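The values are calculated or read from the model by the stated rules, or taken from the named source; none is laboratory data. All values derive from a computational prediction rather than experimental measurement. Here Cβ is always computed from backbone atoms with ideal geometry, including for glycine, and neighbour counts include all displayed protein chains. The area values use the complete protein model at the heavy-atom level, side chains included, leaving out ligands, DNA and RNA. Shrake-Rupley method; radii C 1.70, N 1.55, O 1.52, S 1.80 Å.
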Amino acid sequence: MTITDTTPAHAETPSWKGLNTRSSGLLMHITSLPSPYGIGTMGAEARNFIDFLHAAGQRWWQILPICPTGYGDSPYQSFSTFAGNPYLIDLDDLAADGLLNQTEYAHLDWGSSPLSVDYGLLYRQRFSVLRLACARLRANPPAEFPVFCNQNAFWLEDYALFMALKEVHHGAPWSEWDPSLRERNHLALARARQSLVQDVIFWKCVQFLFFRQWNALKAYASRSGVGFIGDLPIYVSGDSVDVWAQPEQFQLDGARQPIEVAGCPPDGFSADGQLWGNPLFDWDFMESDGFQWWIRRIDYQCRIYDILRIDHFRGFDSYYAIPHGASTAQKGRWRQGPGLRLFQAVEAALGPRPILAEDLGFLTPSVHRLREDTGFPGMKVLQFAFDSRDGSGSVYLPHSYPRNCVAYVGTHDNDTALGWLEHAAPEDVAYAREYLHLDPAEGAWGLLRAVWASVADTAILQMQDVLCLGSESRMNTPSTVGHNWQWRAAPGFNCPELAARLRRETELYGRLSAASEHP
């Protein structure tokens, strides 16, 4: 199976077509699933979660980006916009395929806590095990392997060489490599491919194994009537193969350093703003070749997922540019983005695509117009409705929702629902309790019901909120590093009793998945 055909021919066609029918789902990244090997993967626990979603009457499983994690372990700072995360490859499934023996990995130290991910330990342990599996794959390669490599050569060749070179340079960013490699001198690249041929093949094998497991998981979900809502970060990491291989697509100076970088301005949530540090796109260059880089990227991602959520959608209207080297986002300025021209080019090339616009943050009338002109559903976050810091809460109150939107209590960037009730400003919580008639004995479920009861076509709830977990289970706190992306659910979290409760609530509010009407 290749990435250009992620739904096998024998897979059943699910009953849903998009986000324009009343439905619901859960937000939980794959890394948060239980596993004895340090991190959630695409194996048995992922299939069990799909069974849970089906039993609970849910139509959607929303996940975070599945690309390799880079600086700060963030899936929004990846080495590649096209590659899959090696950590998500399931070791037991590799053993079932004859590529590993359980004795080769079960005894290793994968971390002391089943409720969090130790990324440093994973980095030290995982790749030696994957090298064993890839050696066996190469000894008896399946016919699909060269097909996969050929059909994905447009990104795989550069990615495999990039990762091999990063190993040689002990993980140093490409901007610190020898100038001949940094500037992609043809002779230097040819010599590197020759001297690192075994490592390059290893990284190709890893991607083959990733997408073979992903395709199997997606087919399993499709047969259960469960669709994946995936996530596409608007920006790519500066230390990525995307910038190294195609520097002309980005705003770089003569030394291939960013001129300005991405982030968000100061607001009621952060006095310094958010300094993401990603290089910005050269939109004039991109438009001059018909936005081909974006067309290929969106086409590829829409083949992986059933629905594609595009992060920081407002950045296509106008984007915040911060001088490279600044310590905060305070001195940035707004610049004009491509607007509707980009999405017109995408639709002209690909036809309509199932896209969800993450239209949160500082919004202007032109941002609202852009989303309306594309027809993409936007997002509504219930926590924002009661937040007194920026004065925009009224558009997030459930009585003002349009049908064409996806409603949340909070996203991966927010506190959990229970954490918000405990730690938000007392006057904001009091407003929420009065507006929603919350029963203190119910914990977070009163907030969940407000989202289910809304007219929004789609309701997505975080798994932490369904489990009534507190702030200790928050997935990410923006503009911080060192403790994010680590949360994992306890084994047995997806019990039949919880599925039955979820199913009843889903049925009460007319969101029951048609595929689960006869569980």
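Quick notes on this one:
- Whole-Hz Karplus values for the stretch 246-251 come out as 9, x, 5, 7, 10, 7 Hz, taken residue by residue from phi with 6.51 cos²θ - 1.76 cosθ + 1.60 and θ = phi - 60°; glycine and proline positions read x.
- Once you reduce the stretch 413-441 and the stretch 205-270 to the center of their Cα atoms, the two points are 33 Å from each other.
- Taking only protein heavy atoms and a 1.4 Å probe, the accessible area of the chain is 52% carbon and sulfur.
- Extension gain, ALA500 back to THR103 (0.36 nm per residue minus Cα-Cα distance, nm): 139.1 nm
- Burial order of peptide ranges 371-377, 50-56 (average beta-carbon count within 10 Å, highest first): 50-56, 371-377
- Heavy-atom surface of the chain, accessible at 1.4 Å and reported per residue (Å²): 40
- Extending 7 Å from Cα along the Cβ direction at GLN151 and again at LYS331 yields two label points whose distance is 5.0 nm.
- Gain on full stretching of the segment that runs from GLN194 to HIS170 - 0.36 nm per residue minus C-alpha separation: 6.7 nm
- Multiplying the residue separation of LEU187 and GLU287 by 0.36 nm and removing their Cα-Cα distance gives an extension gain of 32.9 nm.
- Among the cysteines of the chain, those whose beta-carbon sits 4.7 Å or more from every other cysteine beta-carbon are CYS67, CYS149, CYS264, CYS302, CYS405, CYS468, CYS495.
- Solvent-accessible area of THR69, all protein chains in place: 30 Å² (probe radius 1.4 Å, heavy atoms, ligands and nucleic acids excluded).
- Per residue, the average separation of C-alpha pairs within less than 8 Å and at least 6 apart gives the chain a relative contact order of 22 percent.
- Taking all Cα pairs closer than 8 Å and separated by 6 or more residues, the relative contact order of the stretch 192-277 comes to 12 percent.
- Label point 7 Å beyond Cα of VAL395 along Cβ direction - residues of the stretch 318-341 with amide nitrogen under 15 Å: 318
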